[in-house]
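Heads up: the structure comes next, in structure tokens.
The values are calculated or read from the model by the stated rules, or taken from the named source; none is laboratory data. Quick caveat: nothing in here was measured; it's all calculated off a predicted structure. Every residue, glycine among them, receives a Cβ derived from its backbone with ideal geometry; neighbour counts consider all protein chains shown. These area figures cover heavy atoms from the full protein model, side chains too; ligands, DNA and RNA do not enter into them. Shrake-Rupley method; radii C 1.70, N 1.55, O 1.52, S 1.80 Å.
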Amino acid sequence: NNTTLNTKRSPPILILMRWTMWQNRSCSNSSIQRLESNSSIHKHLISKITATGPISVAEYMREALTNPVAGYYVKNDMLGAGGDFITSPEISQIFGELLGVWCVSEWMAAGKSNTFQLVELGPGRGSLASDILRVFSQLKTVLGETDISVHLVEVSPKLSQFQAECLTGDNTQPNDGDQPVYRSGTTRTGLPISWYRRIEDIPRGFSVFLAHEFFDAIPIHKFQRTEKGWREVMVDIDPESPGKLRFVVSHSPTLASSILIQKDENRQHVEVCPEGGVIVQKLANRIAEDGGAALIVDYGHDGTKTDTFRGFKGHQLHNVLEAPGMADLTADVDISYLRKMTGNEVTCLGPITQRSFLKNMGIDSRLQVLLRNCHDPSTRAQLIHSYDMLINPEKMGHRFQFFSLLNRGRLAQYRGMQKNTAPLPVAGFAELDMQ
């Protein structure tokens, strides 16, 4: 069409104009045979509850997902067609490409720091980081001599192996002992890359943090409003079937129910993720002190939903209390809670839907470019199907929310501008200006 780009107002457009060539996805998404798990976690939980009484939902999730012997994330390959769920980066390369543009856009808008740490929390099989790094390679003239490094926070040994193969061709070296960096190497694009178990072990410095489907798997506490006040929902043994587990409501207040419920809460049932709040506080502190940004993408809501705790196994909903360690457990992220936990250290944007964010980032234009350059009917059909999966409101388009943390100085320079001068938009959260 005859659309022209207004390059004076929109830094993402400057990036897109320089983004002239693309490569095919370097990661293989072939199904990898899953490791078999046994009922060891179930037996462990039964014994624990028998000895000490009902446990919190948070403790149940922690055991089921990250138990060091048989936890779901420790032992299983849960991603892709042969796993229990498929994420947006696994569906289409366009998703990661647009997030790569977002990262570079925020680096530019923040002043083009000499150092640039790309940090991903829970990187899955590395598909998102791979697509982003491909964008970085195509934007070498924009990034110049910037010292770029990649930092991955991953607790799963199995997934870290997949990530290393995807991102480096297995060009990594495991580090002995309990060192903060347990694996390191060089990416296929020549950048240093390191793996950590904790956010606090990542070096300080200008960083762009990405958390895609990360917060939804962090353990939650569940609470129910009763005539006697707030009570915590616990996991107990079913007395009518001793081998099964059930939910019960605590008879008296617990420490969690006493300190985690907001005073202005008006819902009847609430899920709170205190560990998620601590992580957001750490991100906010780093962004406030060192510069940078964070982009959180997840199943989420803005303080409106109640009971969202669910399980997935084989791409189907699964009873959360059956076969712990064999299924993914997740809960929608309460973004209103995360916003409160930042403590006004940073500027928060969103949440907005995945559909809105990707359309603001130019997914329609990117799809048209791919379709023009693709002549294989089956590949074209797959591109269209993937696009629909990402933005259709009935699929991922409205289920996923985008939420961002920015250094408070990022937008401060525009507050004193004249009223008739529009500020530079934050990519994705404002429509790219095309006139």
Odd one out for Asp170, checked against (1) open to solvent by less than 50 Å² (accessible area, probe 1.4 Å); (2) modelled with pLDDT under 95: (1)
Wholly within the range 147-265, strands (runs of 3 or more DSSP E) carrying at least 1 residues that are under 24 Å from Ser137 (Cα atoms): 147-153, 172-174, 181-186, 192-196, 207-212
Failed condition for Phe312, given (1) under 30 Å from Leu411 (Cα atoms); (2) hydrophobic (A, V, I, L, M, F, W, C); (3) not in a helix (DSSP H, G or I): (1)
Where Val153 falls short, out of the listed (1) surrounded by fewer than 24 Cβ atoms within 10 Å (Cβ to Cβ); (2) in contact with a helix residue (DSSP H, G or I) (Cβ under 7 Å, 6 or more places away or on another chain); (3) at pLDDT below 95: (3)
Filter result for Asp332 (within 30 Å of Phe206 (Cα to Cα), of a type outside the set (Ser, Thr, Tyr), at pLDDT 95 or above and open to solvent by less than 50 Å² (accessible area, probe 1.4 Å)): yes
Any hit, the range 315-326, residues being under 16 Å from Leu65 (Cβ atoms), without any contact (Cβ under 8 Å) to a residue 24 or more places away in the chain, open to solvent by less than 20 Å² (accessible area, probe 1.4 Å) and outside any strand (DSSP E or B): yes
Odd one out for Glu232, checked against (1) out of contact with any Asp or Glu (no Cβ under 9 Å at 6 or more places or on another chain); (2) surrounded by fewer than 17 Cβ atoms within 10 Å (Cβ to Cβ); (3) over 20 Å from Ala129 (Cα atoms): (2)
Residue match in the range 300-311 (condition: crowded, with 22+ Cβ neighbours inside 10 Å and closer than 30 Å to Asn407 by Cβ): yes
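If I ask for residues that are in a strand (DSSP E or B) and either surrounded by fewer than 19 Cβ atoms within 10 Å (Cβ to Cβ) or at pLDDT 95 or above (or both), which ones from the range 47-92 would you list?
Filtering the range 47-92 for residues in a strand (DSSP E or B) gives 55-56, 79, 85.
Scanning the range 47-92 gives Ile55, Ser56, Phe85.
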Residue within the range 383-406 that is at pLDDT below 95, surrounded by fewer than 17 Cβ atoms within 10 Å (Cβ to Cβ) and not in a helix (DSSP H, G or I) present: no
In the range 93-128, the residues that are open to solvent by 10 Å² or more (accessible area, probe 1.4 Å), farther than 17 Å from Leu159 by Cβ and outside any strand (DSSP E or B): Gln93, Met108, Ala109, Ala110, Gly111, Lys112, Ser113, Asn114
